[in-house]
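As structure tokens, the structure follows; a few thoughts come after it.
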């Protein structure tokens, strides 16, 4: 009897495998998402000679087609971009068919050695331009975007969010209840910047100030560089923030900031900051929350 029951079980198992084999081929779940970079992304363009030629505001759109949320195809559309101030007109173009499996619910990272320069309206290739060394990173949750690419082996383009945040080591976050972190807001139209310092405590001689939850230093001058931006300023009245959600800005004339000097290195994902205030000085550096990789050597710098 036991042998008979075992035989029936084997027959049933065989039939189940046969039935599965007759099913239609598995169809992956395809989902699409579009991330608008308008008013968030600015681009810095540099020449291979390491001299800065142009900086502008440009609009980028990322279309991401997911396949079972395990792999994706990315399309990047750029509108009204000039690679050099001497170009007679701006161009719009698309990078299409960039495949990646480096993704999750929050991040998408993509790399391609070469993509076609397409007309975004017709999809036809414009052979006047060659796009290489494309590297992109999108944090959909925190709205942080970075993109870099090379055009005709001549123009190196850096695209980043106009809001740039520091990274809190050793994790990947850029905000914390008590840890020090920085947020930069850059206005390309005016070439000015404001830096926000969170959870900062100054030391003046042997004395220490109370922990300031949020202060800002506005009206910093922005100078484009081959790696990102240099910031400078002098005799600036900072603001201290208080109230609900630290939304009330109060000028602090006794804490006037002098000799401000800083660097935002997008390629290496680092920033530095130095200034004097109330007879003391602040000197710091840390990583930036831009992308998960570094390497200016990739660009020959």
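Computed quantities for the displayed model
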{"read-out": "Length added when fully stretched, residue 31-residue 190, from 0.36 nm per residue minus Cα-Cα", "value": "53.3 nm"}
{"read-out": "Simple label model, 7 Å out from Cα along Cβ direction - residue 276 to residue 232, nm", "value": "1.6"}
{"read-out": "Principal axis dimensions, region 83-227 - Cα atoms, whole angstrom, descending", "value": "65, 39, 24"}
{"read-out": "Distance in nm between pseudo-label sites at residue 203 and residue 89 (7 Å out along the Cβ direction from Cα)", "value": "6.0"}
{"read-out": "Cβ-Cβ FRET estimate between residue 256 and residue 178, R0 fixed at 22 Å, reported to 0.05", "value": "0.25"}
{"read-out": "Nitroxide proxy distance, nm - points 7 Å out along Cα→Cβ at residue 248 and residue 70", "value": "5.5"}
{"read-out": "Cβ-Cβ FRET estimate between residue 99 and residue 163, R0 fixed at 35 Å, reported to 0.05", "value": "0.75"}
{"read-out": "Calculated log₁₀ intensity ratio I(q)/I(0) where the Debye formula runs over C-alpha points of region 150-287, q = 0.12 Å⁻¹", "value": "-0.50"}
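Laboratory data are not the source of any read-out in this text; all were calculated from the coordinates shown. From a predicted model like this one, the values you see are computed outputs, not experimental measurements. Counting neighbours? That spans all protein chains shown, and the Cβs are built from the backbone with ideal geometry, glycine included.
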